[in-house]
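These notes are about the structure you will find just below.
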Amino acid sequence: MKTQIARVMPDQYLEIPEEELVARIKEHKAELGERLVLLTHHYQRPEIVALGDFVGDSFGLSRDAARQTKAKDIVFCGVHFMAESAAILAGPGQRVSMPDLRAGCPMANMAEIEEVERAWSDLASIGRQEGVIPLTYMNSHAELKAFCGRNEGSVCTSTNAGPAFEWAFKRGDRVFFFPDEHLGRNTANALKIPRDKVVIYDPEDEMGGLSPEELGQARAILWKGYCHVHTHFRPEHVNRVRQRHPGVMVVVHPECTEDVVDLSDAAGSTEFIVRYVENAPAGATIAIGTELNLVQRLALEHPDKKIFELARSLCPNMFRINLRNLLWLLDHLGEVNIVTVPEAVASEARVALERMLSITAARAED
Ligand code: 13P
Ligand code: SF4
């Protein structure tokens, strides 16, 4: 993961009133027209989403990024792995930048390529690497996507984790999934993989903390990683909203722990949650277990429904993007915060990302 050294936003941007920030961002957009596209993730602040050309989840935005053939500049308002994926899928002559390069994802940082390579060697050392298909969650560094690209694996997001697991089981007999244990566990449960065939590989421990027998017989090997925003939700939060709001529907993201998912009425990706709320009848009461900015925006967009958070949980990394650093970026487009990936990594990572796009396209045609 290589990015240009960020020049620091000067303090003068801290003094610009909000209306002026918005007006100047709109001026840049009007001037650049189709040459600029602003992608905003659902977890962004409302004032950022309002300025975006597209709002979506990590899968939708990666697809949107790949389709922006007319844009020279793709500005990604989200976290680093998303911008990095957009940079990998971008066409020749296109540039991807983000308002704050420090907007990372702690879960993505929980799996480094050296650790994943070590786990892969562990499988080889017990003679059980053959038939294992590696799948990396979109929330990962480009090097992990490249690893999947060169080892017959794929990328997936929470939108297509189920189809990606099924795709993997058609090509091999076991899945090695990183870095989110909980999305892996919830996906394995949905596919009815027996519990004793699902193991957790802890990179802190030798052989992942597993015996050769445990590692060798597993159908799903899940990396021990998690999202602190989603593991914040606990079963007691679900029980509390059910007590306080009889008839409430509880919907959560699959990065939540299994016990929370089991107690909920539905679990699915960010895009699934958006559709769930849209499709609920007027007057419905819905408690949502995902990032706070999205929940608050859904509540505003659906005044005919009672929508609230299961508990308050904000992603501090998504929150780093604001009107000030967005304007600063647009004032210096092409000079600061460009996200680049070395071609040797990008070419292999692209293979895995394109596999993901085609797995989902094939599913849509079924
Ligand atoms: P989505 O894939 O649903 O956009 O989620 C990304 C993410 O970071 C969730 O925490
Ligand atoms: Fe990463 Fe969690 Fe934030 Fe998503 S919500 S970007 S997984 S820390």
| query | Is the range 106-113 home to any residue that is open to solvent by less than 40 Å² (accessible area, probe 1.4 Å) and in a helix (DSSP H, G or I)? | reply | yes
| remark: All-but-one check, L292 against (1) within 16 Å of ligand 1 (Cβ to nearest atom); (2) in contact with a helix residue (DSSP H, G or I) (Cβ under 8 Å, 6 or more places away or on another chain); (3) over 30 Å from R195 (Cβ atoms); (4) aliphatic (A, V, I, L, M), failing number (2)
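Against the condition within 30 Å of I113 (Cα to Cα), modelled with pLDDT of 95 or more and within 18 Å of the chain's Cα centre (by Cα), how does P212 come out, does it pass?
No; evaluated as a whole, the condition is false for this residue.
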| remark: Reported set for the range 293-310 where residues are within 16 Å of ligand 2 (Cβ to nearest atom) and either open to solvent by 10 Å² or more (accessible area, probe 1.4 Å) or of a type in the set (D, E) (or both) is N293, Q296, R297, E309
| note | Over the range 32-61, the set of residues charged (D, E, K, R) and within 15 Å of ligand 2 (Cβ to nearest atom) is R45, D57
| said: Looking at the range 299-307, can you tell me whether even one residue there is in contact (Cβ under 8 Å) with a residue 40 or more places away in the chain and either under 22 Å from the mean Cα position of the chain (by Cα) or in a loop (DSSP other than H, G, I, E, B) (or both)? | reply: no
| Counted residues, the range 56-74 - those being closer than 22 Å to E31 by Cβ and either open to solvent by 30 Å² or more (accessible area, probe 1.4 Å) or in contact with a Ser or Thr (Cβ under 6 Å, 6 or more places away or on another chain) (or both) | 4
| query | For P212, are the conditions met, namely being closer than 27 Å to P194 by Cβ and away from ligand 1 (no atom under 16 Å from the Cβ)? | reply | yes
| message | Quick check on the range 169-184. Is at least one of its residues assigned to a helix (DSSP H, G or I) and among the aromatic types (F, W, Y)? | response | yes
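Find the residue count for the range 152-168, including only residues that are within 19 Å of H141 (Cβ to Cβ) and assigned to a loop (DSSP other than H, G, I, E, B).
3
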| request: Working only within the range 115-170, note down all residues that are small (G, A, S), under 23 Å from E206 (Cα atoms) and open to solvent by 20 Å² or more (accessible area, probe 1.4 Å). | output: S121, A124, S125, G127, G131
| request: Output the residues belonging to the range 232-277 that are among the acidic types (D, E) and more than 16 Å from ligand 1 (Cβ to nearest atom). | output: E236, E258, D259, D262, D265
| field | Failed item in (1) in contact (Cβ under 8 Å) with a residue 60 or more places away in the chain; (2) under 18 Å from the mean Cα position of the chain (by Cα), with V22 passing the rest | value | (2)
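The values are calculated or read from the model by the stated rules, or taken from the named source; none is laboratory data. Please read all numbers here as calculations on a predicted model, not as lab measurements. Ideal geometry is used to build each Cβ from the backbone, glycine not excepted, and the neighbour counts take in all protein chains shown. Just the protein is used for accessible areas: all its heavy atoms, side chains included, with ligands, DNA and RNA removed. Shrake-Rupley method; radii C 1.70, N 1.55, O 1.52, S 1.80 Å.
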